[in-house]
Structures are given as C-alpha cells and as structure tokens.
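Below: one structure, written as structure tokens.
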Amino acid sequence: MARFMRGLTYSPARMSRDHETNKTTQRRFAFRRRNWSLAMKIFSYIVIVVILIQVQNGNAALIHHYTFDSDASDSTGTADGTLVGGASVSGGQLVLDGVSDYVQFGSFIVPTSGDYSVSFFAKSNSVQMLYTEMISQGSSGGGFFIGQTQGPGNIRVSDFWINTGVAYPLDLLQHHFAVTVGASLTSLYIDGSFVASSALSVYSHPTAGTNTRLGKQFNPFAEYFHGTLDDVRIYNHALPSNEVLNIYRGVPEPPSNLALLGPSPSSALVLQE
Ligand SMILES: [Ca+2]
C-alpha cells in the first residue's frame, strides 16, 4: 500500500518538475498557435493581394490581334477581317495598294466605351500626299481613325485630335505606332517612344457609321493607305509606356494582358453599314 501510495504521491520536487513541464508544454502550444496564426495572417494577406491585382487588372486584355500569317483572322478574339478590293496577305503582312485595297470588319473592333489602345506596325510604300488612314471606324465628327493629314503630313488621331503635330515618317521603313487612350489623356507613340499627347480622351463612341477598316477611311471617304500593316493589336485599356515599348521590341505579352481573356466585348456589337 505504501509502495502503491508512493506511486501516486507527488513529492514537492516532482510537483515542481511537472509544473515546469506543463508550463513548457503550454509555451510550446502557445508558440505553435502564434506561428499558425501568423502563417494564416500571411496567407490571408497573399490572397488579398492576389485578389486586388486581379481586380486592378479587371478585364484588361488584348482583345483583338491580327498577325496576318495567312489572312486577316483574329488570333485572340473572334472578329475576323475580310480582304477587300484586292488586298492581300503576303510574307506575314497585310499588303495594301493605296488605290482600292482595305480590310473590312463586321463590327467595331476598337472599344466603343472606356479606355483602349491600338497598336500596329506600318510601312508606307510611297510618300503619301493625300489623307490616308491606317485604321478607322464610325463616321465623320465622332469616329475613330489613325492616319495622316494631306502630305507629306502629320499623324492625326480621330477628329478630336486632328493634328498631333508629329510628322508621319517619310523614310518608307516600317514603324510601330501606338495610341493609348485613358481618362483625360491620349498618347501617341512611334517605335516605342512617346511623341505626343492630348488632354482630350479620344474616346470613340460611334453609334452608327462604318465598321472598322484597315487601310481606308470610313464612308464616304477613300483615303487609302499604300503600304503594309502588321501585328495589329487592340486592347481594352490604356497601355503603360513600358508595354508599348515591349511591343515594339517584340517582347511577348505580359500574363496580365492574356490571363483573363473572355468573349470579346466588341464582338457582340455588330453594326452593319
Ligand atoms: Ca505578321
């Protein structure tokens, strides 16, 4: 009995030891709880940051892309173009004779609300002395276009920014052009470099007129472009300058421009002439 009781009876020293052990165990649990709590907090922050980045990007995306590998089909969206008047695709580029050639789309491929950007490479095959347009949509007074004034002239970006003050390059070499349109700022880039801006947002909100064209002005104008166009890209947000430069340099699109692609917003808007 005494032996039995010895097994159950705690000496003051043992009680103190056990007490210390319990305290150590409690501290370990508390430490693990704090670590777990910290890990959960860090995980939560990461989730929130990822969500915020996604929200910030929204539907920011490359919505139409024409590489002219074999025709005027849209490699990103669903808005294929039709070669008209003898326009052809050769050597991976759209070839336009400046007389009757252009590409016609069945919708407005440049967003008709909110920010947007238009980017392409163009090479003139002659110094063009008349108005010419590389891309257009809508109608006079409220439509969208990128072209040049009577030449050899300056680049113009819609009727809202009819003269950018920037001379169209006359060297007959290929150049990259980009127009980015955000709130209260429209910017023009040539070969990846910012060259001019307007405090006006060149928002293109045509509700009627001619669907988008490459190489010709909307009706009733001609203003054909003589040369080649390539790598036409349309975005539903204003590209930052570094991304414009990257396009010129041939850097692949960042994931933020490709990750959230869905049905093209403009493909649903089909306006007939
Ligand atoms: Ca090409």
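We did not get these values from a lab; they are worked out from the coordinates using the rules stated. Nothing here was measured: the structure is a model prediction, and the numbers come from that model. Heads up, the Cβs are rebuilt from the backbone with ideal geometry, glycines too, and the neighbour counts pull from every protein chain shown.
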Cα extents of region 158-203 along the principal axes, largest first, in whole Å, come to 32, 19, 13
For region 60-268, rounded, prolate or oblate, judged on the Cα gyration tensor with a ≥ b ≥ c (square roots of eigenvalues), a/c < 1.5 rounded, else prolate if a/b > b/c? rounded
Ranking of Lys216, Lys41 by count of other Cβ atoms within 10 Å, fewest first: Lys41, Lys216
Proxy reagent accessibility, fewest Cβ within 10 Å first, across Thr112, Thr82, Thr212: Thr82, Thr112, Thr212
If the chain between Phe194 and His175 were fully stretched, how many nm would it gain, using 0.36 nm times the residue separation less the Cα-Cα distance? 5.5 nm
Could you sort the peptides 166-178, 227-239, 114-126 by per-residue average Cβ neighbour count (10 Å cutoff), highest mean leading? 227-239, 114-126, 166-178
